[in-house]
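S.K.: Supplied in structure tokens, the structure appears directly below.
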Amino acid sequence: MACAFSVRRADYAAAADAAAIVMLLDAYASDPAGGGEPLSGFARANLVRELAARPQAFSILAFDGGAPVGLVNCLEGFSTFQCRPLVNVHDVAVLASHRGRGIAQQMLALAETISRERGAVKMTLEVLSGNASAIRLYRRMAYQQYQLDPAMGTAQFFQKWL
């Protein structure tokens, strides 16, 4: 079932957008798909200022009327093989009450438009293997598992806390 919602690029300098980003990212972080832990006080207090300080960052917000319901955070990187920018979709979050309505797809479509405007060669993202609904969405939107040579397999995402 469709809902009436709007999607736009966030303005880090606007207090309402800043509050929406923190609220939505906190809801995502608190969800099992986001790790099940709320944002730290440090992250709440500094997130938007730190995003704004990075010209390679941009965010997309979705609203149901005036209420924020979705967030996508993107960070530009660089493809050495293509010698062009790439955009990593770092967070895709939709409030549980609004999932399944096409909101993430619309936010990702706008992120793609912005990425193309930046001259990006590709977009990347990570998803937990148990998040079947997100995987279906990404596949519908033509995202594929990363591989260079099928004989070498697909890429795996690793992390190391510092």
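S.K.: Yes or no: ALA96 loosely packed, with under 14 Cβ neighbours inside 10 Å, of a type in the set (A, V, I, L, M) and either within 27 Å of GLN159 (Cβ to Cβ) or free of Cβ contacts under 8 Å to residues at least 12 places away in the same chain (or both)? Spell out the reasoning first.
M.R.: Working: loosely packed, with under 14 Cβ neighbours inside 10 Å: yes; of a type in the set (A, V, I, L, M): yes; either within 27 Å of GLN159 (Cβ to Cβ) or free of Cβ contacts under 8 Å to residues at least 12 places away in the same chain (or both): yes.
So ALA96 fits the description; yes.
S.K.: From the list ALA27, ALA16, exactly one residue is free of Cβ contacts under 8 Å to residues at least 24 places away in the same chain, assigned to a helix (DSSP H, G or I) and not polar (S, T, N, Q). Which is it?
M.R.: Values: ALA27 fails: free of Cβ contacts under 8 Å to residues at least 24 places away in the same chain.
Within the list ALA27, ALA16, the selection yields ALA16.
S.K.: Might you check whether a residue that is modelled with pLDDT of 95 or more and either farther than 24 Å from PRO85 by Cβ or not in a helix (DSSP H, G or I) (or both) occurs anywhere in the stretch 110-117?
M.R.: No, there is no match, as no residue in the stretch 110-117 is modelled with pLDDT of 95 or more and either farther than 24 Å from PRO85 by Cβ or not in a helix (DSSP H, G or I) (or both).
S.K.: Next question. So, in the stretch 27-50, exactly how many residues are closer than 19 Å to CYS74 by Cβ and either surrounded by fewer than 18 Cβ atoms within 10 Å (Cβ to Cβ) or in contact with a helix residue (DSSP H, G or I) (Cβ under 7 Å, 6 or more places away or on another chain) (or both)?
M.R.: 10
S.K.: Let me ask something else. From the list ARG84, ARG49, ARG118, exactly one residue is among the basic types (Lys, Arg) and within 27 Å of SER30 (Cβ to Cβ). Which is it?
M.R.: The match here is ARG49.
S.K.: Which members of the stretch 120-162 meet the condition of being over 17 Å from the mean Cα position of the chain (by Cα), among the small types (Gly, Ala, Ser), loosely packed, with under 10 Cβ neighbours inside 10 Å and part of a loop (DSSP other than H, G, I, E, B)?
M.R.: Across the stretch 120-162, the qualifying residue is only GLY130.
S.K.: Taking only pairs six or more apart or across chains, which ones have beta-carbon atoms under 7 Å, a first residue in the stretch 44-72 that is closer than 25 Å to GLU117 by Cβ, and a second residue that is at pLDDT below 95 and surrounded by 13 or more Cβ atoms within 10 Å (Cβ to Cβ)?
M.R.: Listed pairs, sorted by first residue: ALA62/PHE5; PHE63/PHE5; VAL69/PHE5.
The values are calculated or read from the model by the stated rules, or taken from the named source; none is laboratory data. Fair warning: this is a prediction, and the values are worked out from it, not measured in the lab. Glycine gets a Cβ as well: all are built from the backbone with ideal geometry, and neighbour counts include every protein chain shown.
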